[in-house]
Amino acid sequence: MPEVLPGVHRLGSERVNWYLVEDGGRVTVVDAGLSGYWDQLEPALAGRGRALDDVAALILTHAHSDHTGVAGLLHGRGVPVYLHPADEQLMRTGKEPWKREASPLPYLWRPGIWGFFGHMVRNGALKPPKIDDTHPVADGDVLEVPGRPRVVHAPGHTPGHCAYHFEQHGALFVGDLLCTWNPLTGRAGSQVMPRPFNVSSAESLRSLGRIEQLEARALLPGHGEPWTAGPAAAVARAREAGES
């Protein structure tokens, strides 16, 4: 389990990331990967001298199934789940109440897309957990969970998409506001998610301004490697890349 910063650990696969943050002997899980990743959690915790009972909270950047996978299992153990209200219906029903801005059909000729979607299906993406009592978060909130992250509402990928700034850890979790590996094209580098995954790529680009001035040693996306050149540089690169 790579430690990307002191007390910050990355789980998942080469295609999908989720994270643990340690603080004061307790753990906050940031996003929940795919449900097939559940068997990663206990060994990861044990490697840090922790156990499942040390997990105090799960905070979700948004409610897509590759970010909510183990949420149901954690929720069933009494772990509170935090989510912006604009994504609550998706979390409650497993169905998006909005329309995405583009079809993935023009990308289907690319071999890499089949590997990505195959990995998603094999690891439970078509059977997302359904939770109807998430704890709401709002822009500017400082959550009373290990690490005390500040909520940054950054819509575009979904209406309720949020980033989380763990200032004392130097970590900025951006979910799918941007990625450093494009799941459809394989392109590396900071960029907003491709249009077939977004409600509005233009709004995602505008939301980048919400994180641009933050200070963080690592920017941690849902897809791709950590970005360590600072949020301002990540935003500049993503704006240069534009919509895809």
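We did not get these values from a lab; they are worked out from the coordinates using the rules stated. It should be emphasised that the depicted structure is a prediction, and the values quoted were computed from it without experimental measurement. Using ideal geometry, Cβ is built from the backbone for each residue, glycine included, and neighbour counts are taken over all protein chains shown.
Summary table below
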| item | result |
| --- | --- |
| Tensor-based shape of region 59-212 (alpha-carbon gyration tensor, a/c under 1.5 rounded, otherwise prolate or oblate) | oblate |
| Candidates GLU101, GLU88, GLU144, ranked by Gaussian network fluctuation over the chain, Cα under 10 Å, top entry | GLU144 |
| Ranking of GLU96, GLU240 by count of other Cβ atoms within 10 Å, fewest first | GLU240, GLU96 |
| Spacing of the two label points (7 Å from each Cα toward its C-beta) at LEU105 and LEU52, in nm | 4.4 |
| Cα-based reach from LYS130 at 17 Å (exclusive), listing aspartates and glutamates while leaving out same-chain residues under 8 positions away | ASP31, ASP66, ASP87, GLU88, GLU96 |
| Cα gyration tensor, region 160-237 - rounded (a/c under 1.5), prolate or oblate | prolate |
| Among beta bridges that DSSP assigns inside the chain, antiparallel share in %, nearest 5 | 65 |
| 222 nm mean residue ellipticity, helices alone, for the chain (DSSP H n ≥ 4; -39,500 (n - 2.57); rounded to 500) | -6000 deg cm²/dmol |
| Among ASP132, ASP176, ASP54, residue whose mean-square fluctuation peaks in a GNM of the chain (springs only between Cα atoms under 10 Å) | ASP132 |
| Taking the chain and dividing mean pair separation by its residue count, relative contact order in percent (alpha carbons under 8 Å, at least six apart) | 18 |
| Exposure rule at most 16 other beta-carbon atoms within 10 Å, DSSP loop trypsin sites (Lys or Arg not before Pro): the chain longest free segment | 131-186 |
| Among beta bridges that DSSP assigns inside region 1-94, antiparallel share in %, nearest 5 | 65 |
| Simple spin-label estimate for ASP39 and GLN213 in nanometres, 7 Å along Cα-Cβ | 4.8 |
| Max mean-square fluctuation residue, GNM over the chain, Cα-Cα springs under 10 Å, options PRO97, PRO43, PRO106 | PRO106 |
